Amino acid sequence: MKGNKKLIQTLNALLADELTAVNQYMVHSEMNADWGYEKLHQHFEKRAIDEMKHAEKLIGRILFLEGLPVVTTLKKITIGADIAKQLAADHAAEAEAIVAYNQAIKLAGDLADFATREILERILSEEDGHIDKIEELQDQMGHMGAAIFLTTQV
């Protein structure tokens, strides 16, 4: 099915966001594994896998719309030197993704491509869950202080 060119460009922009997030989360995951924070390692690793699955869905939809997925473009990756900076960088990336998904959902609806809109809405719902979990971790760190919080992440 021949898709709308602007929508395919938008899907490729979202794909760049997801591929960037995969890399950022993978690095954060491995840093936490190196530091001995197994729970945070698993948290970030799961996020990387979630973002990979989002990228896979976007690639599938772009191909269905007879577009060419662009997998060579990444946005700026922000690697945090400590947990607080990692969570802040991930929060910023997720917040930007939520804005981008909302705009893409509107575009898909305006173009009456409701199947694409439904795919994007499902991904948006998962991104909402991601930012909620990040905020939960940030709140815990704020309440406990970094030192005590990190003892709970071993």
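The values are calculated or read from the model by the stated rules, or taken from the named source; none is laboratory data. Fair warning: this is a prediction, and the values are worked out from it, not measured in the lab. Backbone-built Cβ (ideal geometry, glycine too); neighbour counts: all protein chains shown.
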Criterion violated by residue 66 - all others in (1) on the phi < 0 side of the Ramachandran plot; (2) surrounded by fewer than 16 Cβ atoms within 10 Å (Cβ to Cβ) satisfied: (1)
Tally of residues being among the aliphatic types (A, V, I, L, M) and within 24 Å of residue 78 (Cβ to Cβ) across region 94-119: 6
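Do we have residue 45 as within 28 Å of residue 152 (Cβ to Cβ), touching a Ser or Thr at 6+ places or on another chain (Cβ under 7 Å) and either in a helix (DSSP H, G or I) or of a type in the set (A, V, I, L, M) (or both) here? It would help to see each step written out before you state the result.
Details: within 28 Å of residue 152 (Cβ to Cβ): yes; touching a Ser or Thr at 6+ places or on another chain (Cβ under 7 Å): yes; either in a helix (DSSP H, G or I) or of a type in the set (A, V, I, L, M) (or both): yes.
Considered against the rule, which asks whether it is within 28 Å of residue 152 (Cβ to Cβ), touching a Ser or Thr at 6+ places or on another chain (Cβ under 7 Å) and either in a helix (DSSP H, G or I) or of a type in the set (A, V, I, L, M) (or both), residue 45 comes out as yes.
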The listed residue being modelled with pLDDT of 95 or more, surrounded by fewer than 16 Cβ atoms within 10 Å (Cβ to Cβ) and under 20 Å from residue 46 (Cβ atoms), out of 97, 88, 112: 88
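Tally the residues that are touching a residue at least 24 places away in the same chain (Cβ under 8 Å) and more than 21 Å from residue 24 (Cβ to Cβ), restricting the search to region 104-114.
Step one: filter region 104-114 for residues touching a residue at least 24 places away in the same chain (Cβ under 8 Å), giving 104, 107-108, 111, 113.
Still in the list and also more than 21 Å from residue 24 (Cβ to Cβ): 107-108, 111, 113.
The number of residues fulfilling the criteria is 4.
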Scope region 115-154; condition exposed (fewer than 15 other Cβ atoms within 10 Å of the Cβ) and more than 18 Å from residue 47 (Cβ to Cβ); matching residues: 115, 118, 142, 143, 144, 145, 146, 147, 148, 151, 152, 154
Meets criteria (part of a loop (DSSP other than H, G, I, E, B) and without any contact (Cβ under 8 Å) to a residue 12 or more places away in the chain) for residue 81: yes
Neighbours by Cβ (under 6 Å, 6+ apart or cross-chain): first from region 9-20, within 17 Å of residue 111 (Cα to Cα); second surrounded by fewer than 22 Cβ atoms within 10 Å (Cβ to Cβ) and not β-branched (Val, Ile, Thr): 10/107
